[in-house]
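**Q** This is the structure, below, for whatever I ask next.
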Amino acid sequence: MAMKTALVIGASGGIGAAMTTSLSGRGVDVTGVSRSVDGLDVTDQGSVDRVLGALHGPFDFLFVASGVLAPNGAEPEKSLGQISAAQMAHVLAVNTIGPAMILRHAPRLLPRKGRSVLAVLTARVGSIGDNQLGGWYSYRASKAAANQIVRTAAIEIGRSHREAAVIALHPGTVATPFTENYPGHRKVAPAAAAENLLRVIDGVGPEHSGRFFDWAGEEVPW
Ligand SMILES: NC(=O)c1ccc[n+]([C@@H]2O[C@H](COP(=O)([O-])OP(=O)(O)OC[C@H]3O[C@@H](n4cnc5c(N)ncnc54)[C@H](OP(=O)(O)O)[C@@H]3O)[C@@H](O)[C@H]2O)c1
């Protein structure tokens, strides 16, 4: 079944905006919400309830594209001594508690019958098994915990929404404001990243729910 309706959360971001454009180009009826346009602060439960509570759906695709690497003006930690409680709390609030606040609304926003996909952008660096380099304590921990929340939600949502796939996705290294402090890295354009992710999203079904994939459809270790 082709996707008909989609909700993009974080539609103002590099990847969220590109996903919105790709979906519109396919004729999908897309609703986008963001902090800068709609006042949706994912760290504030009241704000999430107000913005998502006003939406009726159902949406056969939900895409969570909000996130931070570090608080404004800060860099991810390179060593233990650079850990700051306030900065860590902020990164976990946006990247871990944020998706959890959004997932609270998912059972109502997804269709009870028919295929649906809920994809949360986490990151390969959130993989505990794949961590070879160290550093980035807050960001890594926030994404590892977000993966656990996705997995747990997949189990619960699967009981009532039998054709839903609830997955965590790594988008690749994408040229957005998120990566602007890393000029040396090979990056893909946001439009290409959105198309890569849509190929994976098109191919997943309930048998893939609760799993973690990269932009090429390869499973990422937890
Ligand atoms: N770019 C990469 O290479 C890369 C790699 C791995 C994973 N990811 C993940 O992909 C996701 C999107 O990244 P991106 O590259 O598109 O980043 P981006 O261009 O910096 O966009 C970040 C988005 O997050 C939103 N946001 C930040 N704090 C928020 C808050 N408190 N409440 C609501 N929205 C908030 C921003 O909203 P406003 O602008 O409206 O404030 C914006 O829409 C993130 O979760 C990131 O961790 C990205």
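The values are calculated or read from the model by the stated rules, or taken from the named source; none is laboratory data. Computed from a predicted structure; not experimentally measured. Quick reminder, even Gly has a Cβ in these numbers, built from the backbone with ideal geometry, and neighbours come from all protein chains shown. Ligands, DNA and RNA are excluded from the accessible area calculation, which covers all protein heavy atoms including side chains. Shrake-Rupley method; radii C 1.70, N 1.55, O 1.52, S 1.80 Å.
**Q** On the given criteria, is ILE149 within 16 Å of the ligand (Cβ to nearest atom) and open to solvent by 20 Å² or more (accessible area, probe 1.4 Å)?
**A** Spelling it out, ILE149 is indeed within 16 Å of the ligand (Cβ to nearest atom) and open to solvent by 20 Å² or more (accessible area, probe 1.4 Å).
**Q** Among the numbered criteria (1) farther than 30 Å from TYR137 by Cα; (2) touching a residue at least 12 places away in the same chain (Cβ under 8 Å), which single criterion is violated by ALA54?
**A** So the condition that ALA54 fails would be (2).
**Q** Still on this structure: Report every pair of residues separated by at least 6 positions or lying on different chains whose Cβ atoms are under 8 Å apart, first residue within the range 78-105 and within 18 Å of LEU121 (Cβ to Cβ), second loosely packed, with under 13 Cβ neighbours inside 10 Å.
**A** Between residues of the range 78-105 that are within 18 Å of LEU121 (Cβ to Cβ) and residues that are loosely packed, with under 13 Cβ neighbours inside 10 Å, the close pairs are HIS105/GLY53.
**Q** So, one more: Need the failing condition index for GLY205 against (1) more than 15 Å from the ligand (Cβ to nearest atom); (2) under 29 Å from ALA2 (Cα atoms); (3) open to solvent by 60 Å² or more (accessible area, probe 1.4 Å); (4) over 15 Å from the mean Cα position of the chain (by Cα), just the number.
**A** (3) is the only condition that GLY205 fails.
**Q** Still on this model: Which residues, taken from the range 30-51, are open to solvent by 60 Å² or more (accessible area, probe 1.4 Å) and either in contact with a Pro (Cβ under 6 Å, 6 or more places away or on another chain) or more than 6 Å from the ligand (Cβ to nearest atom) (or both)?
**A** VAL37, ASP44, GLN45, ARG50
**Q** Oh, and also: Quick check on this structure: which one of GLU163, GLU219 is touching a residue at least 12 places away in the same chain (Cβ under 8 Å), open to solvent by 70 Å² or more (accessible area, probe 1.4 Å), under 23 Å from ARG115 (Cα atoms) and acidic (Asp, Glu)?
**A** GLU163
**Q** Please verify whether the range 131-138 includes one or more residues that are surrounded by 15 or more Cβ atoms within 10 Å (Cβ to Cβ) and within 14 Å of the ligand (Cβ to nearest atom).
**A** yes
**Q** Could you go through the range 18-25 and let me know if any residue there is modelled with pLDDT of 95 or more, open to solvent by 60 Å² or more (accessible area, probe 1.4 Å), more than 24 Å from GLY205 (Cβ to Cβ) and touching a Ser or Thr at 6+ places or on another chain (Cβ under 8 Å).
**A** No, every residue in the range 18-25 fails to be modelled with pLDDT of 95 or more, open to solvent by 60 Å² or more (accessible area, probe 1.4 Å), more than 24 Å from GLY205 (Cβ to Cβ) and touching a Ser or Thr at 6+ places or on another chain (Cβ under 8 Å).
**Q** If a residue has to be in a loop (DSSP other than H, G, I, E, B) and either free of Cβ contacts under 8 Å to residues at least 24 places away in the same chain or among the small types (Gly, Ala, Ser) (or both) to count, how many in the range 167-212 make the cut?
**A** Looking only at that region, the number is 14.
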